[in-house]
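**Q** Would you mind keeping the following structure in view while I ask a few things?
The values are calculated or read from the model by the stated rules, or taken from the named source; none is laboratory data. Values in this document were obtained by computation on a predicted structure and should not be read as measured data. Counting neighbours? That spans all protein chains shown, and the Cβs are built from the backbone with ideal geometry, glycine included. We work out accessible area using only protein heavy atoms, side chains counted, and drop any ligands, DNA or RNA first. Shrake-Rupley method; radii C 1.70, N 1.55, O 1.52, S 1.80 Å.
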Protein chains: 4
Amino acid sequence: MIPGPPSSIRIRYSEVDRMGLLYHVNYLEYFEVARSDWIRWLWKPYREIEDEGFALVVIEANIKFISPGKYDDLIEIVVSASEWGRSRLIFEYTMKRASDGRKLAEGKTAHCFIDKFGKPIAMPDKLRELLTGHPHINL
Amino acid sequence: MIPGPPSSIRIRYSEVDRMGLLYHVNYLEYFEVARSDWIRWLWKPYREIEDEGFALVVIEANIKFISPGKYDDLIEIVVSASEWGRSRLIFEYTMKRASDGRKLAEGKTAHCFIDKFGKPIAMPDKLRELLTGHPHINL
Amino acid sequence: MIPGPPSSIRIRYSEVDRMGLLYHVNYLEYFEVARSDWIRWLWKPYREIEDEGFALVVIEANIKFISPGKYDDLIEIVVSASEWGRSRLIFEYTMKRASDGRKLAEGKTAHCFIDKFGKPIAMPDKLRELLTGHPHINL
Amino acid sequence: MIPGPPSSIRIRYSEVDRMGLLYHVNYLEYFEVARSDWIRWLWKPYREIEDEGFALVVIEANIKFISPGKYDDLIEIVVSASEWGRSRLIFEYTMKRASDGRKLAEGKTAHCFIDKFGKPIAMPDKLRELLTGHPHINL
């Protein structure tokens with residue numbers, strides 16, 4: 001597991017439903033925002049990866065909704081890279097409310113590196129090095 | 001399994017990412033649109049259920065992304081109620097492109113009925129009857 | 001004015017706010033969905049326009065919110081091309097609830113044709129012909 | 001004009017279109033995020049206002065799109081209260097890219113205070129005091 005520093009997101013008005021709760025679909029978007037932060041933290045902005053002609057596409061996603069987030073809550077998400085293979089990479093997520101530390105959700109997403117034609121390719125060497133050489137690693 | 005008639009959704013400009021592909025988070029929103037259609041088809045508009053003080057909240061979601069949808073593609077989603085218990089209900093989803101029948105995604109969501117205080121409650125009797133008495137049922 | 005046939009959109013659960021009303025930002029997205037329908041109706045799918053290397057970018061938008069749309073309401077939007085110049089095109093919108101015909105919003109968006117480098121270019125000849133030769137035209 | 005401190009938003013992957021540019025509808029959502037910051041800064045969290053049974057609904061919005069924001073750009077938005085009446089309040093917005101100060105958009109939104117039945121009501125006294133007594137005021 002290689003956890004990054006927590007990402008903070010304040011729940012927007014547009015993101016809650018008619019019960020005033022974070023709409024369930026947006027948890028997955030929050031995971032993505034946090035994952036981008038993680039990639040920037042460990043390696044470089046995801047924008048640069050795509051500009052070089054690669055993409056890290058999502059092939060599976062799992063979310064467990066534990067307790068609802070409310071409008072204007074400040075949320076903290078910790079992302080960890082938990083497993084990887086030749087072209088695959090798996091992330092795990094824990095989402096909490098900052099004010100009381102209550103866990104709101106957990107999740108897992110599986111990804112694959114592809115080239116600009118959509119073909120799966122090996123993970124860039126630099127990223128593999130950063131993952132393998134990371135001091136926090138304990139898969 | 002109690003499959004409903006397919007729901008049709010055309011992929012909006014706002015819903016694709018910079019690769020021109022349906023942004024992964026929106027698959028989960030499409031599942032919800034199709035689930036609402038299913039509930040309307042089997043029983044009544046979900047709006048009425050919430051207006052009576054109940055809600056069917058999502059407690060877990062799983063999505064397998066198989067092939068990407070593109071901007072302006074017409075999508076068909078078949079939803080089936082696949083399992084249920086006292087207050088729980090599980091739906092499964094198959095999402096295809098209408099033009100060539102290509103499967104784009106599969107998914108599963110688990111739900112729980114709650115009252116207006118957020119407490120889990122038994123599924124409304126009428127829905128249980130409709131589920132149990134449905135001719136297509138083969139769990 | 002060249003009005004197209006009304007576009008129908010059912011308000012999604014994700015699109016309402018904590019008051020159960022269509023979130024104001026989504027009116028602008030609905031205008032876009034209806035505008036795409038209009039372009040498809042008068043000319044061809046907007047997807048093809050972009051695939052040929054052009055884009056019709058928004059340079060100004062104005063929305064008047066008259067009465068709120070509610071979750072699950074069926075909405076009808078009529079789009080009209082109301083003015084155009086060398087590279088500019090202006091659309092006007094009227095949005096009603098289908099069930100009672102109540103007007104929910106009016107709007108206006110101004111657009112400019114650009115090439116793939118972002119430079120303004122003249123409107124494609126074919127579109128100009130369709131606009132100018134249209135029987136409903138009364139600017 | 002009563003400008004607040006700039007609000008910062010990083011453009012999310014989900015918020016750009018197939019050209020990699022901030023989707024036009026999201027400018028209006030960014031205005032709202034910045035307006036919430038402004039209300040929190042001058043007065044108190046908007047959440048509390050709604051919890052007390054009031055709402056500040058949008059009745060008109062105008063956006064001028066000047067230069068496109070790109071995925072991962074850090075954006076700064078300055079909101080100013082520019083005019084107000086008995087129940088109305090007008091905000092103006094300037095949106096810039098943080099890295100080069102380039103202006104991306106300008107906008108204006110008009111709002112009205114309503115009670116829980118949707119009736120226009122007078123602006124809360126406390127807010128009127130804060131607006132009128134503010135040292136930066138020069139309408």
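**Q** For C:ILE11, are the conditions met, namely being open to solvent by less than 10 Å² (accessible area, probe 1.4 Å) and either closer than 24 Å to A:HIS24 by Cβ or without any contact (Cβ under 8 Å) to a residue 24 or more places away in the chain (or both)?
**A** yes
**Q** Identify, please: which residue in segment D:96-139 is open to solvent by 50 Å² or more (accessible area, probe 1.4 Å) and among the small types (Gly, Ala, Ser) and is, among those, nearest to D:TRP41 (Cα to Cα)?
**A** D:GLY133
**Q** Identify the single condition in (1) within 14 Å of chain C (Cβ to nearest Cβ); (2) in a loop (DSSP other than H, G, I, E, B); (3) within 30 Å of D:ASP17 (Cβ to Cβ) that B:LYS44 does not satisfy, given that it satisfies every other one.
**A** For B:LYS44, the exception is condition (3).
**Q** Out of all the residues in segment C:43-65, is one or more among the hydroxyl-bearing types (Ser, Thr, Tyr), closer than 23 Å to D:GLU29 by Cα, open to solvent by less than 50 Å² (accessible area, probe 1.4 Å) and without any contact (Cβ under 8 Å) to a residue 40 or more places away in the chain?
**A** No: segment C:43-65 contains no residue that is among the hydroxyl-bearing types (Ser, Thr, Tyr), closer than 23 Å to D:GLU29 by Cα, open to solvent by less than 50 Å² (accessible area, probe 1.4 Å) and without any contact (Cβ under 8 Å) to a residue 40 or more places away in the chain.
**Q** Got a number for residues in segment B:68-92 being within 11 Å of chain C (Cβ to nearest Cβ) and either in contact with an Asp or Glu (Cβ under 6 Å, 6 or more places away or on another chain) or of a type in the set (Lys, Arg) (or both)?
**A** 1
**Q** Let me ask something else. Hey, can you tell me all the residues within segment D:51-66 that are outside any loop (DSSP other than H, G, I, E, B) and either out of contact with any strand residue (DSSP E or B) (no Cβ under 6 Å at 6 or more places or on another chain) or closer than 22 Å to C:SER67 by Cα (or both)?
**A** Across segment D:51-66, the qualifying residues are D:ASP51, D:ALA55, D:LEU56, D:VAL57, D:VAL58, D:ILE59, D:GLU60, D:ALA61, D:ASN62, D:ILE63.
**Q** Something else: So C:ALA34 ticks every box in (1) in contact with a Lys or Arg (Cβ under 9 Å, 6 or more places away or on another chain); (2) more than 14 Å from chain A (Cβ to nearest Cβ); (3) modelled with pLDDT of 95 or more but one. Which box is left unticked?
**A** Checking C:ALA34 against (1) in contact with a Lys or Arg (Cβ under 9 Å, 6 or more places away or on another chain); (2) more than 14 Å from chain A (Cβ to nearest Cβ); (3) modelled with pLDDT of 95 or more, the one that fails is (1).
**Q** Kindly indicate whether C:GLU29 is in contact with a helix residue (DSSP H, G or I) (Cβ under 6 Å, 6 or more places away or on another chain), among the acidic types (Asp, Glu) and either open to solvent by 60 Å² or more (accessible area, probe 1.4 Å) or within 9 Å of another protein chain (Cβ to nearest Cβ) (or both).
**A** yes
**Q** Would it be correct to say that C:MET95 is farther than 25 Å from D:VAL16 by Cα, within 14 Å of chain A (Cβ to nearest Cβ) and outside any helix (DSSP H, G or I)?
**A** Considered against the rule, which asks whether it is farther than 25 Å from D:VAL16 by Cα, within 14 Å of chain A (Cβ to nearest Cβ) and outside any helix (DSSP H, G or I), C:MET95 comes out as no.
**Q** Taking B:PHE91 as the residue in question, decide whether it is under 17 Å from the mean Cα position of the chain (by Cα), open to solvent by less than 20 Å² (accessible area, probe 1.4 Å) and over 20 Å from B:GLU29 (Cβ atoms).
**A** Considered against the rule, which asks whether it is under 17 Å from the mean Cα position of the chain (by Cα), open to solvent by less than 20 Å² (accessible area, probe 1.4 Å) and over 20 Å from B:GLU29 (Cβ atoms), B:PHE91 comes out as no.
**Q** Out of the residues in segment A:14-24 that are open to solvent by less than 20 Å² (accessible area, probe 1.4 Å) and in a strand (DSSP E or B), which is farthest from the other protein chains (Cβ to nearest Cβ)?
**A** The residue in question is A:LEU22.
**Q** So C:LYS116 passes all but one of these: (1) under 18 Å from the mean Cα position of the chain (by Cα); (2) away from chain A (no Cβ under 14 Å). Which condition number does it fail?
**A** (1)
**Q** So for segment B:66-82 (the condition being modelled with pLDDT of 95 or more, among the charged types (D, E, K, R) and surrounded by 20 or more Cβ atoms within 10 Å (Cβ to Cβ)), does at least one residue qualify?
**A** For segment B:66-82, residues modelled with pLDDT of 95 or more, among the charged types (D, E, K, R) and surrounded by 20 or more Cβ atoms within 10 Å (Cβ to Cβ): present.
**Q** With the checklist (1) at negative phi; (2) modelled with pLDDT under 95 in hand, flag the one item C:GLY53 doesn't pass.
**A** Failing condition for C:GLY53: (1).
Every residue, every condition in (1) over 27 Å from C:GLY69 (Cα atoms); (2) in contact with a Leu (Cβ under 9 Å, 6 or more places away or on another chain); (3) among the charged types (D, E, K, R); (4) in a loop (DSSP other than H, G, I, E, B), yes or no:
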position: D:ASN26; (1), (2), (3), (4): no, no, no, no
position: D:ALA34; (1), (2), (3), (4): no, no, no, no
position: D:ILE49; (1), (2), (3), (4): no, yes, no, no
position: D:PRO68; (1), (2), (3), (4): yes, yes, no, yes
position: D:ASP100; (1), (2), (3), (4): yes, no, yes, yes
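**Q** Considering only residues that are in contact with a Lys or Arg (Cβ under 8 Å, 6 or more places away or on another chain) and more than 9 Å from chain A (Cβ to nearest Cβ), which ones fall in segment B:55-67?
**A** B:SER67, the sole residue that qualifies.
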